[in-house]
1. Determine, for each peptide in 331-341, 153-163, the mean count of other beta carbons within 10 angstrom over its residues, then list the peptides with the highest first.
2. The chain: D in µm²/s via Stokes-Einstein (Kirkwood Rh, Cα pairs, 25 °C, 0.890 mPa s)?
3. Taking every DSSP beta bridge with both residues inside the chain, roughly what % is antiparallel (nearest 5)?
4. Tell me what the chain gives for mean residue ellipticity at 222 nm when only DSSP H runs of n ≥ 4 count, each as -39,500 (n - 2.57), the sum divided by the residue total, rounded to 500 deg cm²/dmol.
5. Quick one: if you stick a label point 7 Å off each Cα along the C-beta vector at residue 3 and residue 263, how many nm between them?
6. If one puts a single equal scatterer on every Cα of segment 94-169 and applies the Debye formula without solvent, what log₁₀ I(q)/I(0) results at q = 0.17, 0.22, 0.24 Å⁻¹?
7. Just the number please: accessible area per residue for segment 209-296, 1.4 Å probe, all protein chains included, in Å².
8. Measure of size requested: the Rg and Dmax of segment 1-146, with Cα atoms as the atom set and Å as the unit; please supply both.
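The values are calculated or read from the model by the stated rules, or taken from the named source; none is laboratory data. Predicted model, so just to flag it, every value in this text is computed and none were measured. Note that we place each Cβ from the backbone using ideal geometry, even for glycine, and neighbour counts take in every protein chain shown. Remember, those area values only see protein heavy atoms, side chains included, never the ligands or the DNA or RNA. Shrake-Rupley method; radii C 1.70, N 1.55, O 1.52, S 1.80 Å.
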Amino acid sequence: MKEQIIITPNSVLYGEKVSIELKGFLANQELTIHTKMKDKQEQTWSAKATFVTNENGGLNLTKDAPISGSYSGIEPMGLFVYMKNEESQQNLAFWEKGVESTIVQFSVTINKQEVATNSVERYLLKPNVLQEEVIANGLNGRLFLPHKEANQKVILCLSGSDGGLPNEMAGCFASHGFASLSLAYFSHGELPKTLSEIPLEYFEKAFDFLEKHPHTDAKNISIVGGSRGAELALLLASKYSQINSVVAYAPSHVLWSGLGDYKQIKRSSWSYESKELPFVQVKMPILSLLKYFFSKKPIEFTSSFLYSLEKGFKEEAVISVENIKGDILLISGEDDQMWCSTLMANKIINRLKKHNFKYHYEHLQYKNAGHFITIPYNPSTGKTIEHPQDKKLYQLGGTTVGDLHASKESWLRVLEFLKK
């Protein structure tokens with residue numbers, strides 16, 4: 001039998017596993033499996049692992065561990081998760097935009113000679129998913145529809161402090177059967193350039209759009225956001241009864257100051273009826289301030305948020321989560337180095353308990369996980385981001401194992417939660 005690397009299936013939705021087997025090799029033979037792919041920014045990611053075949057000349061990555069390489073132990077998706085960016089000197093995280101498919105190339109080498117190849121396509125959008133640009137009435141978004149049935153439950157997806165359109169999450173939800181609206185609210189098109197005094201009335205326009213659209217049910221909206229998007233999701237759900245469930249990744253219990261220049265960071269991120277909403281201003285201790293302006297190393301920012309809560313906390317800035325008319329799912333990593341999401345999520349839980357909140361609420365809290373808990377099985381070795389707003393390097397926190405566990409478990413829980 002000719003040497004083969006068998007990948008089942010050869011085309012898979014993001015967040016789903018594949019089976020990788022080798023057949024036709026010599027018994028107890030040492031070989032190396034390589035993976036390589038180009039992300040949507042044309043950066044190359046790769047991993048490799050060396051194994052010894054069994055007595056039948058085969059190998060199964062769901063059962064067999066490598067003897068060396070990019071990862072250790074049994075991990076069926078290790079050659080995906082442990083990919084590293086070959087072109088980055090800063091160990092940047094995998095953080096790509098766009099809904100196009102990605103091709104991962106596999107090759108098997110023995111004594112540096114290639115003996116077998118294969119590939120797998122990973123996609124965000126199933127072929128049946130319809131896309132519709134939303135630009136009416138000042139809105140800027142994209143609607144993803146898994147089918148053309150009338151009055152579908154819809155998921156409103158919000159980006160974080162990066163801004164723009166969160167098409168990746170919305171598209172993946174649509175591939176799981178949910179109508180999804182990817183909605184930008186700053187840093188896109190004609191919208192505000194920075195996260196500062198964003199009017200809540202903008203989101204009322206989104207509710208109006210969903211009410212008039214023949215395929216969405218504006219009385220059955222779930223909202224999903226991460227980081228500053230989670231802050232916004234909880235704020236909107238606390239104010240608008242159209243939202244009947246919330247998924248908040250790395251959430252906040254308070255409203256924070258804006259992002260931008262010196263003036264904007266002293267203003268609220270949010271406004272209503274032309275008045276800024278109460279907020280806690282982000283302030284940095286002297287040492288953190290010096291690091292921010294002068295250090296070229298990635299910045300740990302959680303200590304600044306803790307400092308801000310200690311020095312500038314305002315009760316009126318707390319989000320009235322008890323007013324939410326539906327279930328709440330919070331997700332956080334205990335090693336979040338962007339902000340103190342676990343502490344803030346627990347503050348939300350305590351407030352809900354205090355007010356005898358009548359709907360279901362839950363906090364999925366993960367050890368050794370950082371700020372990036374998301375759809376599983378993307379490369380997860382990089383723990384640094386270059387923020388698109390200020391171009392600074394930030395630490396995300398977490399370990400590859402911790403983030404993988406958190407993403408695998410929470411993704412299944414999120415899909416289950418949204419199907420209720």
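1. 331-341, 153-163
2. Working: Rh = 22.6 Å.
Diffusion coefficient, whole number: 108 µm²/s.
3. Counting only bridges with both partners in the chain, antiparallel ones make up about 60 percent.
4. Details: 8 runs with 90 residues, N = 420.
Computed mean residue ellipticity for the chain: -6500 deg cm²/dmol.
5. 6.6
6. Per q value, in the given order, log10 I(q)/I(0) is -0.82, -1.15, -1.26.
7. Values: 3980 Å² over 88 residues.
In whole numbers, segment 209-296 has 45 Å² accessible per residue.
8. 18.3, 67
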